[in-house]
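Contents: one structure, followed by commentary.
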Amino acid sequence: MPSNHNFEETSVSRNAKRKYDKIEDAETFASVVASFANDTTMGLTRKEAGVQTYKTRIDYFNAAGEDKGYLNFYAADKTAYTDMASLLTGTEAAETAAGVGGSASKDAAEDTWSAKYSCSLGEDTFTVTITREYMLVNGFEEDETLAAVEAWADTIPALGGTA
């Protein structure tokens, strides 16, 4: 019996990645994400915020200054990230709870941040992911889609653009 259940290609999905110098602080990153969320110049017909992740590492040291461990903390927004990093490094109770009897410090070099959006430009649907070190446009089909997102990124200094 012949099969009529073969796959037929319905679209060509493309991906693009833009690398830039590491964004130095969470405030700058959050402003980039807010700028993307509030932008109207790209002509996107749909822009839905997805997952945002802010991660930091807290290093714990004993009274002699020896490294005794660390904690990775993940937050869903910048406010929770900032508040928890402050709590975990700035209170004797949190440092004592870690069982080291010394001190704690945030390792900013280990910070990672990302925000993901589901978007459409006309009939072209795709995702945009902004991270501390790069921006991804996934699943787009049309050259115009990438051109619109790139034109916006070109205006954002933190993403390697010029103001």
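The values are calculated or read from the model by the stated rules, or taken from the named source; none is laboratory data. What you see is a predicted model; the values in this text were computed from it and never measured. Every residue, glycine as well, gets a Cβ built from its backbone with ideal geometry; the counts of neighbours run over all protein chains shown.
See the values below:
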{"quantity": "Elements of type strands (runs of 3 or more DSSP E) in segment 102-152, at least 1 residues being hydroxyl-bearing (Ser, Thr, Tyr) and within 17 Å of residue 35 (Cα to Cα)", "calculated": "112-121, 124-131, 134-140"}
{"quantity": "The lone exception for residue 24 - which of (1) of a type outside the set (Lys, Arg); (2) surrounded by 12 or more Cβ atoms within 10 Å (Cβ to Cβ); (3) under 19 Å from residue 138 (Cα atoms); (4) free of Cβ contacts under 8 Å to residues at least 40 places away in the same chain it fails", "calculated": "(3)"}
{"quantity": "Unmet criterion (only one of (1) buried (at least 17 other Cβ atoms within 10 Å of the Cβ); (2) under 12 Å from the mean Cα position of the chain (by Cα)) for residue 44", "calculated": "(2)"}
{"quantity": "Residue in segment 61-78 that is modelled with pLDDT of 80 or more, in a helix (DSSP H, G or I) and in contact with a helix residue (DSSP H, G or I) (Cβ under 9 Å, 6 or more places away or on another chain) present", "calculated": "yes"}
{"quantity": "Close pairs (7 angstrom Cβ cut-off, 6 or more residues apart or separate chains): on the phi > 0 side of the Ramachandran plot in segment 30-47, buried (at least 17 other Cβ atoms within 10 Å of the Cβ) anywhere", "calculated": "43/121; 43/148"}
